[in-house]
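Single-structure report; data block below.
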Amino acid sequence: MNLIDRRTLIAAAGTSALTLVQNTAKAAPSERTTVCVVGVRGRGMGLAQTFAKLPNAQVTHVCDINQARFEPATKAIAEIQKSTPKTVQDLRKVLDDPSVDAIVVATPDHWHALATIWACQAGKHVYVEKPISNNVFEGWQMIQAARKYNRVVQVGTQSRSAPHYKEAMEFLKSGKLGRVHMAKAWNSQLRRRVPAVADSAVPEGIDWNLWQGPAPEHAYNENYYTYGWRWLWDYGTGDMGNDGVHDLDIARWGLDVKYPEQIQCTGAKLEFTGDIQQTPDTQIATYTFPENKILVYEQRLWSPYFQEGFENGVAFYGTEGYMLIGRKSWTVVEKRNKVAFEHKVEFTEQPHVENFLAAVQKQTPLNCDIEEGYRSTLLAHLGNLSFRVGRPLRFDSATQSLVGDPKANELLKRLGRKEFSIPEQV
């Protein structure tokens, strides 16, 4: 059976050749969304520059708990949009400013939920990085806040707006792969080690109380602040919640499923023993859905090589063939291992940001609304929970809780700390 037709080939080839033209000429002030970028290290800097070069956006503020980040951030943004954003250390001051239309949340994971909830309550729209939350309860409250205050909340799973992913999803729906029963998502890469270092005095210019936010209180530690937070349960969600959410999201999207019924995760620290990481460097999670579909997630953070040609990728297995997809290509293989086609593509996050701005300005549908992002982040949370309690879990989507497992249910929720509490009622 030939899985690919001429129309599909032409469409995919057109996408492969797509070049996004960057237009730095700004629209009229009344046609721009004014934006504050919250957290302007690595990921936040990239997003700030993307927003700055779009004609219908203006980065008017940058917010970071570390004052040392202000100069490089404002300089880079000003070079693009020809105006210098204001700087602020405490997010709450930005939320009190009526001139700000939206915030971009690029903080560590433990701040994503509270920043989003506060912003919705203040009447701001939100572009929030993945994973949307540090735990399940926080994510659910983000949905409630977005709905109650009628705010646009886009999750930063950029693949949802990439043309070749959209084409691949249409290909899956076409039935050319037959009945697709299973998907496998993987995260295979080499992470750097994070050795233990002693707690120390807070460096000048850093508001450590603000950085901790909803997390339990702890003395300042350089390796918590700079990179290690990703691998500590108080702040991060491991790499399943970090990079893995992208892969889980694509797999769930292609399988066309919402909530799993059963979850089982095996994991361990096989390579990074002795370092500060609490989260596993190796995980295999299996999710069974009521639609009689299975999703498998594999993670190895000690491999200096790719799997199936991708550092992060997804395979969809059908009765007539299978598909491999990542950010730089997608491939379909027919029966008897005949390659039907392989398309190389260019990937950029710009369409996802443009989709967010269009939703704010024109009420066009979001490509990854907060509820959709919640479902994919939930897979990471449930996989991590199964690992932490050391047993399979059963999930009840009606109550958003785990069946017959009080200990695991306790880990679904954290209320926060002091003035940084996650509200029970948004």
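The values are calculated or read from the model by the stated rules, or taken from the named source; none is laboratory data. Bear in mind that the values here come from a model prediction, so they are computed numbers and not experimental data. Methodologically, a virtual Cβ is constructed for each residue, glycine included, from the backbone with ideal geometry; neighbour enumeration extends over all protein chains shown.
Here is a yes/no grid of residues against (1) in a helix (DSSP H, G or I); (2) assigned by TED's automatic domain parsing to the domain that holds Tyr317; (3) touching a residue at least 12 places away in the same chain (Cβ under 8 Å); (4) more than 26 Å from Val35 (Cα to Cα):
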residue: Gln141; (1), (2), (3), (4): yes, no, yes, no
residue: Gln144; (1), (2), (3), (4): yes, no, yes, no
residue: Asn150; (1), (2), (3), (4): no, no, no, no
residue: His164; (1), (2), (3), (4): yes, yes, yes, yes
residue: Ala168; (1), (2), (3), (4): yes, yes, yes, yes
residue: Phe171; (1), (2), (3), (4): yes, yes, yes, yes
residue: Ala183; (1), (2), (3), (4): no, yes, yes, yes
residue: Trp186; (1), (2), (3), (4): no, yes, yes, yes
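To keep it simple, each residue is scored yes or no on (1) at pLDDT below 95; (2) not aromatic (Phe, Trp, Tyr).
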| position | (1), (2) |
| --- | --- |
| Phe387 | no, no |
| Arg394 | no, yes |
| Ser401 | no, yes |
| Gly404 | no, yes |
| Leu411 | no, yes |
| Gly416 | yes, yes |
Item checked: Single residue of region 357-369 satisfying the filter (assigned to a helix (DSSP H, G or I) and in contact with a helix residue (DSSP H, G or I) (Cβ under 9 Å, 6 or more places away or on another chain)) that is surrounded by the most Cβ atoms within 10 Å (Cβ to Cβ) -> Leu357
Margin query: If Phe387 meets every condition in (1) touching a Phe, Trp or Tyr at 6+ places or on another chain (Cβ under 7 Å); (2) assigned to a helix (DSSP H, G or I); (3) assigned by TED's automatic domain parsing to the domain that holds Gly267; (4) of a type in the set (Phe, Trp, Tyr) apart from one, which number is that one?
Written below: (1)
Checklist line | Conditions (1) crowded, with 18+ Cβ neighbours inside 10 Å; (2) closer than 19 Å to Thr279 by Cβ; number of the one not met by Ala196 | finding: (1)
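Of all the residues that make up region 395-412, how many are under 25 Å from Gln299 (Cβ atoms), exposed (fewer than 15 other Cβ atoms within 10 Å of the Cβ) and either in contact with a strand residue (DSSP E or B) (Cβ under 9 Å, 6 or more places away or on another chain) or touching a residue at least 40 places away in the same chain (Cβ under 8 Å) (or both)? Lay out the reasoning, then the answer.
As a first pass, look at region 395-412 and keep what is under 25 Å from Gln299 (Cβ atoms): 395, 397, 400, 402, 405, 407-412.
With the extra rule that they be exposed (fewer than 15 other Cβ atoms within 10 Å of the Cβ), the set shrinks to 397, 407, 410.
From what's left, either in contact with a strand residue (DSSP E or B) (Cβ under 9 Å, 6 or more places away or on another chain) or touching a residue at least 40 places away in the same chain (Cβ under 8 Å) (or both): 397.
Of the residues in that region, 1 qualify.
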Notebook entry, point to check: Residue check, Trp211 against (1) crowded, with 21+ Cβ neighbours inside 10 Å; (2) in the same structural domain as Gly383 (by TED's automatic domain parsing), all met but one. Which one?
Noted result: (2)
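Given the criterion among the acidic types (Asp, Glu) and either touching a helix residue (DSSP H, G or I) at 6+ places or on another chain (Cβ under 7 Å) or surrounded by 22 or more Cβ atoms within 10 Å (Cβ to Cβ) (or both), identify the matching residue among Glu342, Glu349, Glu372, Glu354. Lay out the reasoning, then the answer.
On the way: Glu342 fails: either touching a helix residue (DSSP H, G or I) at 6+ places or on another chain (Cβ under 7 Å) or surrounded by 22 or more Cβ atoms within 10 Å (Cβ to Cβ) (or both); Glu372 fails: either touching a helix residue (DSSP H, G or I) at 6+ places or on another chain (Cβ under 7 Å) or surrounded by 22 or more Cβ atoms within 10 Å (Cβ to Cβ) (or both); Glu354 fails: either touching a helix residue (DSSP H, G or I) at 6+ places or on another chain (Cβ under 7 Å) or surrounded by 22 or more Cβ atoms within 10 Å (Cβ to Cβ) (or both).
Of the residues listed, the single one that is among the acidic types (Asp, Glu) and either touching a helix residue (DSSP H, G or I) at 6+ places or on another chain (Cβ under 7 Å) or surrounded by 22 or more Cβ atoms within 10 Å (Cβ to Cβ) (or both) is Glu349.
In region 309-350, which residues are charged (D, E, K, R) and farther than 19 Å from Leu248 by Cα?
So in region 309-350, the residues charged (D, E, K, R) come out as 311, 320, 327-328, 334-336, 338, 342, 344, 346, 349.
Those that are charged (D, E, K, R) and farther than 19 Å from Leu248 by Cα: Glu320, Glu334, Lys335, Arg336, Lys338, Glu342, Lys344, Glu346.
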Next item on the list: For region 227-249, enumerate the residues that are modelled with pLDDT of 95 or more, over 12 Å from the mean Cα position of the chain (by Cα) and of a type in the set (Ser, Thr, Tyr).
Entry: Tyr235
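Filter region 314-333 for residues that are of a type in the set (D, E, K, R) and over 14 Å from Gly175 (Cβ atoms) and give the result.
Taking region 314-333 and keeping what is of a type in the set (D, E, K, R), we get 320, 327-328.
Those that are of a type in the set (D, E, K, R) and over 14 Å from Gly175 (Cβ atoms): Arg327, Lys328.
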Notebook entry, point to check: What strands (runs of 3 or more DSSP E) completely inside region 201-317 contain at least 2 residues that are aliphatic (A, V, I, L, M), in contact with a Lys or Arg (Cβ under 9 Å, 6 or more places away or on another chain) and under 30 Å from Val403 (Cα atoms)?
Noted result: 293-300
Next item on the list: Restricting attention to region 273-330, report how many residues are farther than 22 Å from Ala380 by Cβ and basic (Lys, Arg).
Entry: 1
Margin query: Can you pull out every residue in region 390-426 that is of a type in the set (Asp, Glu) and not in a strand (DSSP E or B)?
Written below: Asp405, Glu410, Glu419, Glu424
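Got a sec? Which of Lys166, Lys86, Lys53 is among the charged types (D, E, K, R) and touching a strand residue (DSSP E or B) at 6+ places or on another chain (Cβ under 8 Å)?
On the way: Lys166 fails: touching a strand residue (DSSP E or B) at 6+ places or on another chain (Cβ under 8 Å); Lys53 fails: touching a strand residue (DSSP E or B) at 6+ places or on another chain (Cβ under 8 Å).
The match here is Lys86.
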Next item on the list: Give the number of residues within region 130-141 that are in contact with an Asp or Glu (Cβ under 9 Å, 6 or more places away or on another chain), buried (at least 24 other Cβ atoms within 10 Å of the Cβ) and not small (Gly, Ala, Ser).
Entry: 4
